[in-house]
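First comes the structure, then the notes that go with it.
The values are calculated or read from the model by the stated rules, or taken from the named source; none is laboratory data. Remember, it's a predicted structure, so these values are computed and weren't measured experimentally. Cβ atoms come from the backbone with ideal geometry, glycine included; neighbour counts cover every protein chain shown. For accessibility, only protein heavy atoms count, side chains too; no ligands or nucleic acids. Shrake-Rupley method; radii C 1.70, N 1.55, O 1.52, S 1.80 Å.
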Amino acid sequence: MYFLMDGCGPLNHRVGSGPWASRESLKMGPLADVTLLPGEERVIEHDKDIIYMCPFNGALKGKVFITNYRLYFKSADADPAVTLNVPLGVIGRVEKMGGASSRGENSYGLDITCKDMRNLRFALKQEGHSRRDIFDILFRYAFPVSHGLPVFAYLSQEKYEENGWNVFKPMEEFRRQGLPNEKWRITFVNETYELCDTYPTILAVPFRSSDEDLRKVSAFRSRGRIPVLSWIHRENQAVICRCSQPLVGMSGKRNKDDERYLDLIREANGTAKLTIYDARPSVNAVANKATGGGYEGDDAYQNAELVFLDIHNIHVMRESLKKLKDIVYPNVEESHWLSSLESTHWLEHIKLVISGAIQVADKISGGNSVVVHCSDGWDRTAQLTSLAMLMLDGHYRTLRGFQVLLEKEWISFGHKFASRIGHGDKNHADQDRSPIFVQFIDCVWQMTKQFPTAFEFNERLLVTILDHLFSCRFGTFLYNCESARDTNEVRSKTVSLWSLVNSEASSYQNPFYTPECSRVLYPVASMRHLELWVTYYIRWNPRIRQQQQSPVEQRYMELLALRDEYLKKLEELQLTDSSPNSSHLSNSSTPNAASPTQHITHLHTPF
Amino acid sequence: MLSSLGSGGGKTAKPSFVSYVTPEEIKSEKEPYKKENQPDLLPGEVVFCSACPVLKYSQDDMSQRGVFGTLLCTNFRVSFVSDEVQVEETCKLFKNKLYGENDIPLACVDNIYGGYEDKKKLITGGLLKNKYPSKIIVHCKDLRVFQFSLTYSKEEDAKKIFQGIVHHCLEPKSLRCVYAFSYCENTTSPEMQRKERTMLFDCLEDWTQDMKRTKGNCRLVTENSSFELSQKLPQFFIVPLNVTDEDLVKFQGNGLPMWCWSHHSGCALFKTASLPLSQEDNVPQTYMEKMLTAVAHNHLYSVKTEDLSDTLPTIQDIQLSYNKFKQFFLIDNTTEFWMSDMKWFSSLENCGWLDMIRQCLLKAVEVVECLEKENTNVLIMEESGSDLCCVISSLVQLMLDPHYRTLLGFQSLVQKEWVAGGHAFLDRSNQLHLKEKVESQSPVFLLFLECVWQLHQQHGPAFQFSETYLTVLSDSVHVPVFATFLFNNDSHRANVLRAESPSSQRGPLNCPSVWDWSVQFDCRAQDLFTNPLYAQKTKQDRSQRKSHRPKHQRQLSLPSSAFKTPTKKGFFKDEADSLKKILGVKRISRWMLSPSSDFPPMSSIKEFYETWQAKPLDYHGMLLPCLDGPSIRVWMQRYLRWIHDVQILGGGPVAVLSKVSELLAEVQELRSELDRHARTVTSNHRGAIRTRAKTAPENLARSSVRLSSSFPFVTSRNWSFKPAIPTSMLQSLMMSEVAGDLASREDDGSEPETVV
C-alpha cells in the first residue's frame, strides 16, 4: 500500500528499540539516564570501554551494562549517541569471537544472535580476560531457564491500572458467540487436564456427545486433542472446529466414536457435508501414517470432504525466515532484491496460510461447518482458525477482541510458545523452535494493510506483541499450555502484556477504524498484494525511515484537530449570534456523521 | 476496393488514402442499422463498420459468459454497445466523457489477437489469408483486455468488423486520419482560462516567468519564433548568457545547452542533444568546449556533464522491457493469472522495468546532488536530447522545486520539458503504425510517470495531485484528441495545425490541450485529481524557511570557490587529445551501478541520501527517493485496476484516502461557514445567510457503494462477494532446494535432531 509504505506505526516506543530510536546526548554520567523497570536490577556494569560493531555506523566505542532484564549500551563519542536497549529474552545465542591471540582490529569479542532479526557484535580489548565476565553474566541471564533462574516476568514489580489477565474469560467469550445453545454444550471434562493436557479446561462440544464419548474420541486423536468448537456463525450456525490428526496409522485404523463425533458436528447445523481442512501438504499427511498419524479417509468419514491446504511444517518456516534474515540484515540485498525475496519463500508461505484461511472463512460464510487440523493442531491449525475468525468476526478486529483471539486460539489451545521461541533456553539450535506465531502476526499485518480501516488496532500493537513475544517481561507468552501455566502460577505471579497495552490503549488505536462487524473480510492472497513487512523485518536499518506516524495518519489527526477548532469557534459565534437556525451545525461533530458537504474548490487548509 | 483495408503483403506502408471509409462502408452508412445499437457519437466521429450480435465475454470470470451487443469501429474508437439496458451505474462519478468502459480509442489499442478454438494468434495487419478467427481479443495500452466472440453475427459482418478493426487499429495511416483533426473541426474548444493556468511554454512570457521565478540568469532566445533558426529547436528557449547568435545555428541545435532550471544558489541544469565528435574534424570539439565554457560561466565557473546514453538504457531497451512487463497485467483468464502469481517477483525482476525506474531516479538524485550540494552547473546530454534528458531534467526539478509538485506546476513542467522540449511523442507512440518508425516506439514518457509515481508513493503529502491523476494522465496519452501528445516537436505541431486549418483566415486549428480536463471529466471527477494529503505551505512556514536559508548564499559561497576556479580554468585550457576524455574526467556517473556488476557501494549518493533522511522531512523542500529494493514498487492502481482477482473489496489505500477527503471536505465547509459568519457579522448583523449546497457531492465513503482497491476505475457493482482463491498452489512451493528432508519432517518429531 503506497501512502503508508515508508514506516507506518509509531514504533518509537517499543521495548527492543534499535540503535536509531534513542539519541539523547551523553552529558550526564555514563549510563546514568536509564530508567529501569520496577524489579529490574543491575547485574554488571562494565567499566571498561567496549566497542559496538554497528553494521551501519561502524565501530562505536561506549559503555555497557547488563540487568536481569536487558543489555544496555551507549556510545561515548558518536553524536548523537547511539544506544542499544536489548531485552535479554531477545537473545538467542551468545558466542565468543576470536581468541586471546587473534590479530586484527576488533577481532576479539562477543557475537550475539537475536530472535528479532538482528545480530550484535561487541569487541573488547584482549588484555586481562575482559571478555570472560561479561560473557558469563550474559550467558547466565540471557538463558535463565538453562541455569535454574526465573525469567524476568517473575521478578518484575510492574503495576498497571488494568489487569490484563481479565481480558479473556472463556465463558464470557462463549456467551458472546451465543453458546451454549441447543446444539452445542460447554463441558468441564478437562478441568484437571486429564482428557488433554494441552487443551484449556473449558471446551465447547456437540450437545449430543457425552463426556464419555469425548474420552473415547481423545484416544483416537493425536495427544488427545479432540475436535472442539472454536467459533460459531451467529446466523447460519456453521462452526469452526479444531483438533489434531486422527491416529490412523499404517494399518488404516478406524474409530467409530471419532466418525460419529465428526458427524455430530456436521449435523449440528444440518450441513450436508462436513469439510475437513488438513493444513498439511497431502504427502506429509500420508507420511504421518508411518508414525501412527494420518488423515480422515473417505471410507470412514462418508459425510466429510477432506481438503489439504499445503502449508509446510515448522522446520520449513524456520529455514525460510532464516533466509529472509540473510537478505535483509545487516544490509538489504540490492541487485537482485525481488528474486532473493522470492527465493526465501517467506511470502509464498504467507500466501498459503492466508489462502487456507480464506477457504475456511468462505466455507463458513456459505453455511458449512469445518474441522481444521494439521498434525498436532497447535501450529498451522491455530494460524488458520484464528485468521479465519479474524475475517469472519469483526469483534476480533477490535483492540480487545484481538487480545481475546490470541488468548483463546493461541495461548489457551496450547501453541507451544516456550518450545517455539525457546524462552530462556540456551539451546539455540533446538529443532522445536519456529517462527509460527511471527508468521501469523505477519498474516494479520498483511490483512491490516489490505483493509486499513477494518482494524481497531494499529501496526504498533503488532510490533509490540512481537517484541514481548521474546522479551519475557510479561507472562502472556510463557509456557506451552494452560496446564503448565497453572502449575507455574503465571496469572498470579506475572504481569500480562495486555495490562501494558490496555493501560495506554490510545497509542495502539488506528484512527481510521470504521467498525463494520458483520462484514466478512477477504484479503487477496496474491503475490501482487503481499508485501514484505519492512517496518518489522528491516526496522534496524536506518535507511528504512521509521516515521512516528504515517503521513496519512498525521494529516488526518491535523484535520480532526482543525475541525474541532472550527466547531468550537462556530459555537462561540452562535452564542453571540441570535440566529435560531444555526443550531444544526453541531450535527457534524461526530466523525462519521452524514452531514452534507459543500464543495469548495481551491480551498486549502492552512498547515 | 479493398485496397484501403491495408497495405497488403509486400507493399510499403505509404498512407496516401485520406478518406476514412471504404465505399462499402459508405453504403452501409446510408442504410442505418435498425437492430443495431449505436453509441453516442462524438463531434466528427464516423462509424466505419459494425457487426451484431457480438458477444463480449465478461471480465469478471473468463468463462464463456458475456453480454450480447453491437461491435463497431469508428474513426475514434472500437466500441461495444450492449443490448442490455445499461443498469444505471451506482458510481458514475468517474465517467470519461470521451469514451466509456466498453470503448477503446484507436490509439489505445495495443495488440489484437485472433482466437481460434484453443489458440490465440497475434494479428499484425494485412488481409487474413486463412480462416477468420471466431474471437477477437484486444489488449489495450491502458491494460484493459477485451474478448469478443464473432460467431453469432453473419459471417460477412464478422469478417468485415474484424478486418475493419485490424485495418484501423494496426495499419499505417497518415497523421491527418487521427481523430483529433475531425474532432477539432467540429468543436469549438473554449480557450483555457488564463488566470490560474498551466504554462504551455508556447510564448515568450512563460519562459521569462519561469526563469524569473527560479532567478535564473540566462539568455532567452526569440529568434526561432517562426522556426527561422531550426525546425528542430523549440519556438522559444533559453541558453547560457555566453552563447552567441552564431553558436545558435552552428550544428542545428546539437550541442547547444538548453536551460532547464536554476537552483537558488545560481547554478543551473542544462540539457542538450549530443554532438557527434570525430577525431579528424575538431570544429565540433571546439564548439563543444565553447558551449561547456558558456555553461560553466553561468555560475562559479563549474560544470559537470553527463552523457545519459552511457549509463541509462536506450529507448529500445525501454520498449523491450516494458513489453515484457505489461504482459504480467494483460490477463486473459483467471488460471493464467494465478499461474503467473507463482513466479511474480522473479518475473518482475527479469523484465527489468523496475530497475529502469530505479536507474532513472538514481541518475536524477545524482544530478540533484551536484546542484544542491556542490552547486555546480550540470549539462546532461544524449543523442536526441529529448528522451532521457526529459526524464532526468523533469525528475530533478520535481525533487528540488516544490512548485512542480502542484497540479499546475506539474503540468507546466511537462509542457516545458516534454512538449516544448521536443519529446517526439508521435514517434514514440507510433500510433500511425508506420513501419519505419517501429524502432523509435518507446514508452519514455510513461517511464517518467512511473518515476513520478514512485516519488508520489514514498512522499505522498508532497504532491498536490493524486495517484489517480497520474494514472489518468498515462491513459490520456492514448486518447487521440489532444494536441499535447500528437506531435514530435514545436515546429511539427505548428506546421500541421496550420495546414489542417479549415480556412486560412481563422488561423491554425485549435486542438484541445490534455490539461483541459473538462474535455474528459466533469468537475466532480476532477476532484479525484487532488491529493487530500497535500497541504499548502502556510505563510508561517514560508517566513520561517526564509530566515533559515542564508540569503546571500551566492556571495557566501564565493570565497570557497576561489581556489576551485583555477583548476577548472586550467582544465579547460589544457589541450586534451579529445573532448571525450575531458568529458570523461568530469563525468558525474561515478557510482552508477549496472545491475549485474559488483561495483563498490555508491558511498557518495548513500551519504547524500542518509544526510537528507536524517533531517526532519519537509514536504515543501527537497525530496529524495529511497531506492532500496523494497521501496521501488509496482504502480498498483495503473496495472492491477482491471484484474478482477486482485481487487480488494472494501480495502486498499482508497479506504483511508477517502476518509481523509471526507474530513477535508467537512473542514472546508466549516471554514467557509466561519467566513460567511464573519462576513455577515461585519455587514451589520443581517442575520446568518446560510446557503448550504442543495446538491451535496457524492461522498465516496459514505455512499452505499463499497469501494474497491481499483477505485475509481472499476465500480463495485461488478463484484461478487466470493473471495478469490488461488489455484495451482501446489506447483508453487517446490522445496526441493530447501532441503527436502525438512519439508517431510514431523513438526514435533519423536526424536529431536542432534544439535549441530
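Rounded to the nearest percent, how much of the accessible area of the stretch A:42-149 (1.4 Å probe, protein heavy atoms only) is carbon and sulfur?
For the stretch A:42-149, the apolar C and S fraction of the accessible surface comes to 44 percent.
With a/c under 1.5 counting as rounded, go ahead and sort chain A into rounded, prolate or oblate using the C-alpha gyration tensor (a ≥ b ≥ c being the square roots of the eigenvalues; past the cut-off, prolate if a/b is larger than b/c, else oblate).
It is oblate, given that a/c is not under 1.5 and a/b is not larger than b/c.
Would you please give the residues with an amide H less than 5 Å from that of B:Y152, counting only those at least 5 places away or on a separate chain, with H modeled from the backbone geometry?
For B:Y152, whose amide H was placed from the backbone, the distant partners under 5 Å are B:L55.
Go through the stretch A:181-285 and name the GluC sites (Glu not before Pro) that are in a DSSP coil and have 16 or fewer other Cβ atoms within 10 Å of their Cβ.
A:E182, A:E191, A:E194, A:E235
Would you mind pulling out the separation of the Cα centroids of the stretch A:80-111 and the stretch B:206-223, in Å?
The stretch A:80-111 and the stretch B:206-223 have Cα centres separated by 60 Å.
Can you list residues whose amide H is under 5 Å from B:C49's amide H, if they're 5+ apart or on another chain and H is modeled 1.01 Å from N?
B:C73
Determine how large the accessible area of B:V714 is when every protein chain is in place; take a 1.4 Å probe and give Å² rounded to the nearest 10.
20
By a straight-distance test (C-alpha under 17 Å), which aspartates and glutamates pair with B:K141 as possible cross-link partners, with residues fewer than eight away in the same chain excluded?
B:E101, B:D103, B:D110, B:E171, B:D332, B:D427, B:E450, B:D475
Determine the gain in length on full extension of the stretch A:N181-A:K256; use 0.36 nm per residue of separation and subtract their C-alpha separation, reporting nm with one decimal.
Stretched out fully, the A:N181 to A:K256 stretch lengthens by 24.4 nm.
Given charges of +1 on the Cβ of Lys and Arg and -1 on the Cβ of Asp and Glu, with all other atoms neutral, how large is the dipole of the stretch A:164-552 about its Cα centre, in debye to the nearest 20?
360
Residue-wise, which Karplus ³J(HN,Hα) couplings in Hz belong to the stretch B:276-283, taking 6.51 cos²θ - 1.76 cosθ + 1.60, θ = phi - 60°, and x for glycine or proline?
Listing the rounded values in order: x, 9, 10, 5, 6, 9, 9, 5 Hz.
Would you mind checking the pairs A:K323/A:K351; A:K63/A:K322; B:K56/B:K160; A:K159/A:K493; B:K271/B:K606; B:K131/B:K324 and listing those with alpha carbons more than 22 angstrom apart?
In this structure, A:K63/A:K322; B:K271/B:K606; B:K131/B:K324 lie more than 22 Å apart at Cα.
Give the aspartates and glutamates reachable from A:K216 as a straight Cα distance under 12 Å; neighbours fewer than 8 places away on the same chain don't count.
Qualifying aspartates and glutamates at Cα under 12 Å: A:D257, A:D258, A:E259.
For the stretch B:370-438, just the Cα set please: Rg and Dmax, both in angstrom.
Final numbers for Rg and Dmax: 14.5, 46 Å.
Which of the residues in the stretch B:323-349 lose at least 30 Å² of accessible area when you go from the chain alone to all protein chains together (probe 1.4 Å)?
B:D341, B:M342, B:W344, B:F345, B:S346, B:E349
Trypsin sites (Lys or Arg not before Pro) within the stretch A:464-495: which are DSSP loop residues with at most 12 other Cβ atoms inside 10 Å?
none
Do any of B:K97/B:K119; A:K74/B:K615; B:K97/B:K154 go past 25 Å between their Cα atoms, and which?
B:K97/B:K119; B:K97/B:K154
Taking the Cβ of B:E117 as the centre, find all other residues whose Cβ is under 12 Å away and add up their charges (Lys, Arg: +1; Asp, Glu: -1).
So the environment of B:E117 carries a net charge of +4.
Just to be sure I follow: if Rg is taken over the C-alpha atoms of the stretch A:42-149 and Rh is the Kirkwood radius over the same atoms, what is Rg/Rh?
Taking Rh as the inverse mean 1/r over Cα pairs, Rg/Rh reads 0.94.
Assuming 0.36 nm per residue, please report the length gained on full extension of the stretch A:S101 to A:E235 beyond their Cα-Cα distance.
40.9 nm
Using amide H atoms built in the peptide plane, which far-off residues or other-chain residues are under 5 Å from B:G651 H to H?
So B:G651 has HN proximity to B:S709.
Per residue, how much accessible area does the stretch A:164-552 show when a 1.4 Å probe rolls over the protein heavy atoms, in square angstrom?
In whole numbers, the stretch A:164-552 has 29 Å² accessible per residue.
What does the net charge come to around A:W410 if you take all other residues with beta carbon closer than 13 Å to its beta carbon, with K and R at +1 and D and E at -1?
+2
With a cut-off of 8 Å between alpha carbons and a minimum separation of six or more residues, what is the relative contact order of the stretch A:313-436 in percent?
With pairs under 8 Å counted, the relative contact order is 28 percent.
Could you compute how much accessible area chains B and A hide from each other, both sides summed, with a 1.4 Å probe? Nearest 100 Å² is fine.
About 10300 Å² of accessible surface is lost on pairing.
If you keep only loop residues by DSSP, which GluC sites (Glu not before Pro) in the stretch B:252-353 have at most 10 other Cβ atoms within 10 Å of their Cβ?
Passing sites in the stretch B:252-353 are B:E280.
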